[in-house]
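Quick notes on the structure that follows.
No value in this document is a laboratory result; all are computed from the given coordinates. In this text the structure is predicted, and so the values were computed from the model without any measurement. Note: ideal-geometry Cβ built from the backbone for every residue, glycine included; neighbour counts use all protein chains shown.
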Amino acid sequence: GAVVSQHPSWVICKSGTSVKIECRSLDFQATTMFWYRQFPKQSLMLMATSNEGSKATYEQGVEKDKFLINHASLTLSTLTVTSAHPEDSSFYICSANFRDRGRWEQYFGPGTRLTVT
Amino acid sequence: GEDVEQSLFLSVREGDSSVINCTYTDSSSTYLYWYKQEPGAGLQLLTYIFSNMDMKQDQRLTVLLNKKDKHLSLRIADTQTGDSAIYFCAESLSSGSARQLTFGSGTQLTVLP
């Protein structure tokens, strides 16, 4: 149980276009999902907390108009990178909260590699 | 503020034990975690320890927590080539659903044959 998937696993797009990344909890419902960004050989940087049915909470320095987050259902959150630029190239990872034996845990998706040319 | 630090690299020979260290600054942390990330993949939860525990063992993994020094370590016994990966420690201030994890920089473990 507690499997999180992401789609696509990798994507290449041209500068100026928008890209949507999906994060799904496959066998559980997640009211809260998190979006992270990871640069090569670096740690995960939390971008935003996605709450089902309400607006996402963005971390300081993350542009909410550039990184649009929609958590329309209990099993799906999407991250749209709008007007992508090469500096947006990164590895994007989502996680979903799951209550396991009375304790909340975060389960991570496999990540999406975005390359902007 | 919250800050989690790890050494960046560790190399060991196959069959030896690996010890990955982590220090954190927030004494309010209630849970501390170890995650494993293989190349091009997401994070896999390996183990966790509650802050009122000193040690936790799970098969080849042993977690030691020194709360006074805010030091956490992960020992992998009989390290195998499949253990080569990046290992992240992370802290959480509570087990509440909206609490975020703060990650360390990650330690690249290389297992030599």
Centre separation in Å (Cα based) which lies between region B:47-61 and region A:93-117
22
Given the C-alpha atoms of the protein assembly as shown, compute the convex hull and give its volume per residue in Å³.
123
Taking each residue of B:30-39 in turn, how many C-beta atoms of other protein chains fall within 10 Å of its C-beta, and what is the average?
2
Determine by what factor the alpha-carbon radius of gyration of chain B differs from 2.2 N^0.38 Å, reporting the quotient.
1.02
Relative contact order (percent, whole number), region B:1-107, Cα cutoff 8 Å, 6+ residue spacing
36
Taking every pair of alpha-carbon atoms in region A:53-116, give the share separated by more than 16 Å as a whole percent.
57
Taking the DSSP beta bridges in the protein assembly as shown as the whole, what percent of them are antiparallel, to the nearest 5?
90
Cα centroid of region A:27-82 to Cα centroid of region B:71-85, whole Å
31
For chain A, average projected area of the Cα convex hull in nm²
7.1
Per residue of region A:102-111, in order, report the coupling 6.51 cos²θ - 1.76 cosθ + 1.60 (Karplus, θ = phi - 60°) as ³J(HN,Hα) in whole Hz, putting x for Gly and Pro.
x, 10, 7, 10, 9, 10, 9, x, x, x
